[in-house]
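Structure, as structure tokens:
The values are calculated or read from the model by the stated rules, or taken from the named source; none is laboratory data. This one's a predicted model, so the numbers in the text were calculated from it and none came from an experiment. Don't worry about glycine lacking a Cβ; one is built from the backbone with ideal geometry, like all the others, and counts go over all protein chains shown.
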Amino acid sequence: MQVVSAIREPLITGTKTLKDVSHDISRQVEGKPTRLWWTAFGISLALLSWGAYCCWMLLWHGIGVWGLNKTVGWAWDITNFVWWVGIGHAGTLISAILLLFRQRWRMSINRAAEAMTIFAVICAASFPGFHMGRLWLGFYWALPLPNTFGSLWVNFNSPLLWDVFAISTYFTVSLVFWYMGLIPDFAVIRDRAVAQGNKIRALAYNALSFGWQGGAKTWMRYESVALILAGLSTPLVLSVHTIVSFDFATSVIPGWHTTIFPPYFVAGAIFSGFAMVLTLLLVTRKVFKLEEYITVYHIELMNIIIIITGSIVGIAYITELFISWYSRVPYEGYAFYNRVQGPYAWAYWSMMTCNVISPQLFWIKKIRTSIVATFVLSIIVNIGMWFERFVIIVTSIHRDYVPSSWTMFYPTMYDVGQYIFTFGIFFTAFFLFAKFFPVINMAEVKSILKSTSEKK
Amino acid sequence: MDADKHFVVGIFEDEDVLLDAIRKVRSSGVKIQEVYSPFPVHGIDEALGYKRTRLPIAAFLFGMTGTILALVMQIWMLGYDWPMIIGGKNFASLPPFIPVTFELTVLLSALGMVGTFMIVSDMKPYKWPRQFDIRSTDDKHVMAIDLAMNAAKSKDELKRILKDSGASEVNEKSFE
């Protein structure tokens with residue numbers, strides 16, 4: 001028998017029945033898109049097309065259109081790459097690690113968070129792709145394919161190649177995990193379409209659901225697959241940002257070759273990922289009227305994770321500063337002195353304010369249960385995390401070993417355009433997802449309805 | 001009577017009633033074809049007497065394939081086929097090969113397991129499932145009993161057993 005807890009807050013409010021769950025979530029998919037949706041989708045498409053123009057110019061003229069120079073060879077492209085990959089960490093964390101820890105509050109948010117993960121990884125992958133200049137040759141440079149130079153294989157000693165494998169594996173496994181979750185929910189929409197007499201929708205969603213029936217044997221296998229995928233994704237999600245941090249940590253640039261990078265990057269990734277999940281979900285729950293499924297309690301729990309990971313990131317910043325002084329290495333010491341005091345000090349202090357100070361406001365219960373405050377702070381956190389990557393990348397290399405090559409980095413219109421391009425991809429994909437796919441995992445919410453929902 | 005064509009279908013509202021019902025129905029000697037639910041019901045596999053799935057073994061074997069494939073590929077490419085001096089390191093040294101080996105292990109394990117799941121569960125996009133009751137994806141648990149498999153009992157007897165075990169509705173369903 002199920003045990004109903006008297007102490008824990010209900011995860012689903014509004015005395016829902018199983019039928020209500022199917023109805024509330026499927027309604028978005030079945031109805032015509034609202035004017036609000038068209039407006040938002042139109043803006044995303046406008047961003048995407050402007051960005052696509054900038055990408056075209058880059059492919060036509062080469063990466064010289066970016067603001068990179070001899071000293072600063074990596075700037076916005078890698079900053080944005082790491083930023084998006086970081087954002088892409090929350091979804092799999094929510095669906096895999098919280099599944100292993102049996103955190104049932106994840107069930108209302110995992111679907112949208114995983115979708116966000118997949119779109120964020122696509123955005124991230126576009127930067128190293130375009131940075132290669134000749135995108136169409138990328139496969140030969142990045143994958144161990146036989147070629148006519150020998151075959152001269154890719155270098156498996158390079159962290160950049162590890163990245164290729166890490167990001168593509170992460171993308172594929174996250175996609176499969178997400179899709180597995182969607183299969184039973186597509187079947188719900190199919191059966192509702194049959195009941196409503198909509199043949200085309202029934203056929204389309206049946207194909208998407210792979211003819212799902214929901215027999216006990218299939219569910220048993222399905223749960224086993226979900227658990228193993230969670231077990232596989234947990235080390236995977238931790239490995240991805242670890243490997244991204246190796247891009248820097250295995251180099252010999254002062255400010256980059258720090259051994260704390262892997263855990264520090266992973267914590268930062270979860271931090272920014274949760275912030276982005278909050279930004280999107282606060283809007284989604286309002287637009288789709290899902291306040292009874294994504295409650296203030298869910299938001300509060302996510303804010304608590306933001307405090308924890310934000311504090312880990314803060315400790316990492318302070319540790320870095322301390323070690324640069326304690327190591328007595330003049331180059332290392334200068335790299336950090338320059339971050340705090342140099343021409344990019346404004347970026348460093350923006351990062352410190354946004355990432356270390358602002359999330360501490362969530363210690364106050366009133367702030368972490370306030371929708372407006374959470375929304376504002378979630379955006380501030382992501383601005384801070386962007387500055388973190390910018391600070392690490394640009395301030396560490398803009399003061400070269402030879403003062404004659406000291407320089408600054410100024411982004412051009414095409415640096416900005418490339419960034420806007422990824423926002424276009426991200427939001428276009430997210431709005432399409434929110435319209436055509438069920439945004440909350442119905443089967444999982446139904447399975448907890450009896451034990452943790454508000455009763456009449 | 002032909003097998004797998006004519007069924008008695010019991011509809012259940014609640015998962016705990018369903019679990020009790022499965023035990024009652026099975027102890028009265030009736031063979032259950034399958035139970036369809038809108039969400040995974042814990043303990044239903046034991047109640048129905050299903051053996052544990054062997055998918056974890058498939059996942060492990062696919063994972064090992066990935067590990068071996070990745071190691072053989074890297075050692076052969078950089079150690080034998082086209083050795084390159086990179087920072088004076090050994091041609092084929094294990095530590096730098098670990099990340100790619102790990103990633104390919106996870107990739108093959110996940111894809112192989114999900115592929116196996118799709119095949120053993122007979123899931124394909126062009127298959128229209130045989131539905132005993134359309135509400136089984138929405139809010140009802142549906143228990144299907146094949147008449148031919150339970151030839152010892154009459155249709156009415158089966159219906160009574162279902163009703164007594166807590167079914168809210170009992171219907172008949174036949175397929176072409």
Practice problem: Scan the stretch A:225-232 and give yes if some residue there is of a type outside the set (D, E, K, R), farther than 30 Å from residue B:130 by Cβ and surrounded by 19 or more Cβ atoms within 10 Å (Cβ to Cβ), otherwise no. | Solution: yes
Self-check item: In the stretch A:336-375, the residues that are among the polar types (S, T, N, Q) and touching a residue at least 60 places away in the same chain (Cβ under 8 Å)
Solution: A:338, A:355, A:369, A:374
Practice problem: Tell me, yes or no, whether the stretch A:72-80 has at least one residue that is farther than 30 Å from residue A:248 by Cβ and of a type in the set (S, T, N, Q). | Solution: no
Practice problem: Look through B:59, B:92 and report the one residue that is in contact with a helix residue (DSSP H, G or I) (Cβ under 7 Å, 6 or more places away or on another chain), at the interface with chain A (Cβ under 7 Å from one of its Cβ atoms) and touching a residue at least 12 places away in the same chain (Cβ under 8 Å). | Solution: B:59
Quiz item: Would the stretch A:50-59 turn up any residue that is within 30 Å of residue A:392 (Cα to Cα), touching a residue at least 24 places away in the same chain (Cβ under 8 Å), crowded, with 23+ Cβ neighbours inside 10 Å and aromatic (Phe, Trp, Tyr)?
Solution: no
Quiz item: Which members of the stretch B:40-59 meet the condition of being touching a Phe, Trp or Tyr at 6+ places or on another chain (Cβ under 8 Å) and in a loop (DSSP other than H, G, I, E, B)?
Solution: B:40, B:41
Exercise. Please go through the stretch B:119-130 and pick out each residue that is more than 7 Å from chain A (Cβ to nearest Cβ) and crowded, with 16+ Cβ neighbours inside 10 Å.
Key: none
Quiz item: Does any residue of the stretch A:314-324 turn out to be part of a loop (DSSP other than H, G, I, E, B) and either among the aromatic types (Phe, Trp, Tyr) or under 29 Å from residue A:11 (Cβ atoms) (or both)?
Solution: no
Quiz prompt | In the stretch A:177-219, residue nearest to the other protein chains (Cβ to nearest Cβ) [restricted to those that are under 15 Å from residue B:123 (Cα atoms) and β-branched (Val, Ile, Thr)] | solution = A:218
Practice problem: Return the only residue of A:254, A:235 being over 18 Å from residue A:183 (Cα atoms), part of a helix (DSSP H, G or I) and more than 7 Å from chain B (Cβ to nearest Cβ). | Solution: A:235
Quiz item: Restricting the search to the stretch A:223-232, which residues are over 30 Å from residue A:128 (Cα atoms) and either more than 7 Å from chain B (Cβ to nearest Cβ) or not hydroxyl-bearing (Ser, Thr, Tyr) (or both)?
Solution: A:223, A:225, A:226, A:227, A:228
Quiz item: Given the residues A:284, A:279, which is the only one that is under 24 Å from the mean Cα position of the chain (by Cα), modelled with pLDDT under 90 and either more than 10 Å from every other protein chain (Cβ to nearest Cβ) or outside any loop (DSSP other than H, G, I, E, B) (or both)?
Solution: A:284
Practice problem: State whether one or more residues within the stretch A:120-130 are over 17 Å from the mean Cα position of the chain (by Cα), touching a residue at least 60 places away in the same chain (Cβ under 8 Å) and part of a helix (DSSP H, G or I). | Solution: yes
